Amino acid sequence: MRIFIAEHAMDDATCRRVQAAMDVGVREPTEVIEGEMALAEDVRRASHIEVPAAIFEVIDDHLDAQRDAISTFFGWQIDGREGVNLLRYDAGGFYKPHVDKADLPAWPPAAHREFTVVLFLESAREADPAGGFGGGLLRLFGDDTPIEIVPKRGMLVAFPADTVHEVSPVTDGHRDTIVDWFS
C-alpha cells in the first residue's frame with residue numbers, strides 16, 4: 001500500500017488558527033451514507049464544523065500546495081478536489097472501517113474520489129506528550145498488517161480512496177482534522 005506523507009504541510013500557527021475557527025464554528029453531527037445520508041452513531045461519531053470562508057481559503061491554499069507532490073507520488077494526474085470537511089472527534093469519537101470511494105446515488109461525487117487527503121490539526125499524545133488528545137489513530141488496512149498513523153499537527157496523509165481505513169476511538173480531548181478528496 002502506498003501512502004503519501006508530508007510532515008509539515010501546515011505550520012503550527014495556521015493549524016491553531018483553523019482550530020480556533022472550529023471552536024466557534026457551526027457544529028453538526030457527521031452523517032454516513034448508507035443508501036442515503038443518515039446519522040449512524042454506531043458507525044461514526046464525529047462533528048462537521050463550518051467556519052468562515054476566509055479560513056476555507058487558507059486551507060485550500062495549503063491543500064493545493066500539495067497537489068503536485070501527491071500527483072507525482074501516485075503517478076496520477078489530479079484534476080480536482082471535492083471540497084474541504086473540517087471534522088472534530090471528541091472523546092468517544094470514532095469511525096469504523098470504511099472506504100471513501102463508492103458509487104452512491106445519495107452522494108454522486110464519491111464515485112470520482114481517487115485519493116483521500118487528511119491533514120491533522122492537532123497531535124495525539126502518542127506522538128507528542130503535549131498533544132491535545134489520546135487515541136484517534138488513522139488505521140489503514142491493506143494486504144498485510146494494518147498501518148497505524150499517529151496524528152501529528154500539520155502532517156498531511158494521502159492514500160487511495162478505495163483503501164479500507166478507520167479512526168480508532170478518541171480516549172480524551174478532541175481530534176481535529178481537515179479531510180478532502182482529490183480526483
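The values are calculated or read from the model by the stated rules, or taken from the named source; none is laboratory data. Predicted, not measured: the structure shown is a model, and the values here were computed from it. Reconstructed Cβ throughout: ideal geometry from the backbone, glycine too, with neighbour counts over all protein chains shown. Ligands, DNA and RNA are stripped out before the accessible areas are found, and what is left, the full protein with its side chains, is counted by its heavy atoms. Shrake-Rupley method; radii C 1.70, N 1.55, O 1.52, S 1.80 Å.
With (1) open to solvent by 30 Å² or more (accessible area, probe 1.4 Å); (2) under 16 Å from the mean Cα position of the chain (by Cα); (3) closer than 22 Å to R27 by Cα as the list, and D172 as the residue in question, which single condition is left unmet?
Failing condition for D172: (2).
Please state which one of L140, L87, L119 is touching a Phe, Trp or Tyr at 6+ places or on another chain (Cβ under 8 Å) and in a strand (DSSP E or B).
That would be L140, the only listed residue that is touching a Phe, Trp or Tyr at 6+ places or on another chain (Cβ under 8 Å) and in a strand (DSSP E or B).
Of the residues that sit in the stretch 93-106 and are assigned to a loop (DSSP other than H, G, I, E, B) and either modelled with pLDDT under 95 or out of contact with any strand residue (DSSP E or B) (no Cβ under 6 Å at 6 or more places or on another chain) (or both), which one is least open to solvent (accessible area, probe 1.4 Å)?
Residue satisfying both the conditions and the ranking: D100.
Going by the structure shown, is A69 at pLDDT below 95 and assigned to a helix (DSSP H, G or I)?
no
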